[in-house]
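See structure below.
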Amino acid sequence: MSLLSRFGRSMRGALPERVLVAVSGGVDSMVLLDLTRKWAEVTGSPCRIHAITVDHGLRPESAKEARKVHEIVRNMGLDHEIICVPEKIDPKQLEKSARAWRYKLMYNKMKLLHIDNLMVAHHFNDQLETFMIRLAANSTLFGLCGMRNVSAYPILDPFGSKRILRPMLDIRKKELYAYAYEHNLEWFEDSTNLQPITLRNRIRKYLQTGQIEENTVEQLLSSVRRAVDDVESDMRQLDNEISVKFNTSLLKMSVIIPSTVFERYPLLSLDRFIFEKLHCVSAISNYHHRYTTIDLKNATVRTNDWSLSESIWDGTVPEKFNVLKCLVRVVRSKNNIHLLITRATEKFRQPVERVVNVTASWSEWDLFDNRVWFRARGKPGSYTLKVEANGLPAFYHGGQFLCYPTIGGCGSLEVQTMTKPMRVMQT
């Protein structure tokens, strides 16, 4: 099967109406852009393709290369823009800082152009490198399963509509080079990719030289994916067996688990199910990295540590406990275990509050307390939004209580709110 056909299969035949393609100028991204353009032509897709190059300023030749990429892309008849990182990147956290800037700048461009999909050139070899990096960091099964063809954007979005598309994850690097040579594409080689300045670069070298056996890594990755697929299949079944209700006004959750569920499903699947549901109640900022808070026993190799679902089932967990900034009350009956979940009260800390400057026009959507998206308009002035002892966000003006915006009745202040989803989107 040709690379173009495999690209189309990964895209499930259709391109979105608009797409932003990240183009560094390397062989990976130049092949991606060419495949995207040709697939649009072959399928007669009305997709509007915008290309973007982020110049990190890490190499003296990067600006010149970016201008050349601009020329190449424009000659393809496509829109292209170069955006420069506005400050020097911290060399101590080179890869992390560069990635954060890159996704921030591209997110801003997506908002400006009303584009929901960013296409990136991650390929099979990148997937193996990512697996090894996460393995070295003692990641859980869910981190080890690697990048997905479609995932949530790494910057929170109120509507959850921004996505990253990776249509080349089953294509190997050598196939990209072969395609580029065959189709006379132009690209630039980043000399820093061969320098051992990051863990990824060192792992890449080990894989290329055979110091790490590529076939072994591939087999391990496949095994992990099968295990995660089994968990996700269980979770779909659990959605039909466990009653989960979330009150979007009071920000409270009720989870009723039939006792028989604990006997019929693996604890790993139950832990992951609970973790996903707690997401919309939790005030934790980096939630998707905190799975080990509730399960070290089943998702990692540390078999002596605890599992939340196991502790709930065997009764070793208290009737009231805090986890992931959630207060969980456990009510047991003959046939069910009922979990009542609210935001945990943070004692001996600075109050969670924010000054909100209101005008007659709608403000931008903003995430408060890592739980509630809001926007406001009304009588101009400075208002205070804070978390009350009951866990609800409350608006104050001039020291006077106005309202709980998730409930309503804010008088001269008009507020719209949305809560986070019950599913943790992988990035």
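Every read-out reported here was derived from the displayed coordinates using simple, explicitly stated rules and does not represent laboratory data. Quick caveat, the model's predicted, so the values are computed rather than measured. Counting neighbours? That spans all protein chains shown, and the Cβs are built from the backbone with ideal geometry, glycine included.
Exposure proxy check: Phe7, Phe262, Phe401 ranked by fewest other beta carbons within 10 Å?
The fewest-first ordering by Cβ neighbours comes to Phe401, Phe262, Phe7.
Please report Rg over Rh for the stretch 353-419, where both radii come from the alpha carbon positions and Rh follows the Kirkwood definition.
0.91
Might you list the cysteines of the chain that have no disulfide-compatible partner by the rule of another cysteine's Cβ under 4.7 Å?
Cys47, Cys84, Cys145, Cys280, Cys326
Using alpha carbons only, how many degrees (0 to 90, rounded to 10) separate the axis of helix 27-43 from the longest principal axis of the chain?
Helix 27-43 sits at roughly 90 degrees to that axis.
What is the spin-label model distance, in nm, from Lys104 to Gln416 if the labels are put 7 Å beyond Cα along the C-beta direction?
2.7
Could you give the alpha-carbon Rg of the stretch 162-289 over 2.2 N^0.38 Å, rounded to two decimals?
Taking N as the residue count of the stretch 162-289, the ratio is 1.59.
Scaled to the compact-protein estimate 2.2 N^0.38 Å, what is the alpha-carbon radius of gyration of the chain, rounded to two decimal places?
1.11
Can you tell me which of 269-277, 205-213 comes out highest on packing, and rank the rest after it, using the mean Cβ neighbours within 10 Å?
Numbers: 269-277: 23.9, 205-213: 12.7.
For the peptides 269-277, 205-213, the packing ranking is 269-277, 205-213.
If I model a spin label as a point 7 Å beyond the Cα along the Cα-Cβ vector, how far apart are those points for Arg48 and Arg225 in nm?
For the pair Arg48/Arg225, the computed spacing is 3.5 nm.
Sort Glu182, Glu232 by Cβ crowding within 10 Å, fewest neighbours at the top. Let's see the in-between values first.
Details: Glu182 9, Glu232 13.
Going from least to most buried by this count: Glu182, Glu232.
Report, to the nearest 10°, how far helix 94-113 tilts away from the longest principal axis of the Cα atoms in the chain, using its own Cα long axis and a range of 0 to 90°.
The angle comes out at about 80 degrees.
Which percentage, to the nearest 5, of the DSSP beta bridges contained in the chain is antiparallel?
75
Under 13 Å from a label point 7 Å along Cα→Cβ of Asp79: give me every residue in the stretch 5-24 with its amide N that close.
17-21
Where the centre of each part is set by its Cα atoms, how far does the stretch 357-386 sit from the stretch 165-179, in angstrom?
Answer, in whole Å: 45.
Does anyone have the angle between helix 62-75 and the longest principal axis of the chain? Alpha-carbon axes, 0 to 90°, nearest 10?
80
What's the extension gain from Glu95 to Ala137 if we count 0.36 nm per residue and subtract their Cα-Cα distance?
Taking Glu95 through Ala137 to full extension adds about 13.6 nm, to one decimal.
Rounded to two decimals, what is Rg over Rh for the stretch 237-343 when you use alpha-carbon atoms and the Kirkwood radius?
Rounded to two decimals, Rg over Rh is 0.93.
Under the 0.36 nm per residue contour assumption, what length would be gained going from the current alpha-carbon distance of Val330 and Tyr177 to full extension? Kindly include the intermediate steps, with their values, before the conclusion.
Values: separation 153, 0.36 × 153 = 55.08 nm, distance 5.72 nm.
Difference between extended and current length: 49.4 nm.
What nm value, rounded to one decimal, do you get for the distance between Glu346 and Ser243 when each label is placed 7 Å out toward the C-beta?
Simple spin-label model gives 3.3 nm for this pair.
Sum -39500 (n - 2.57) across every DSSP H segment of at least 4 residues in the chain, then divide by the residue count to get the 222 nm mean residue ellipticity, nearest 500.
Calculated mean residue ellipticity at 222 nm is -11000 deg cm²/dmol.
Measuring from centroid to centroid over Cα atoms, what is the spacing of the stretch 93-110 and the stretch 1-76 in Å?
A separation of 18 Å, based on Cα centres.
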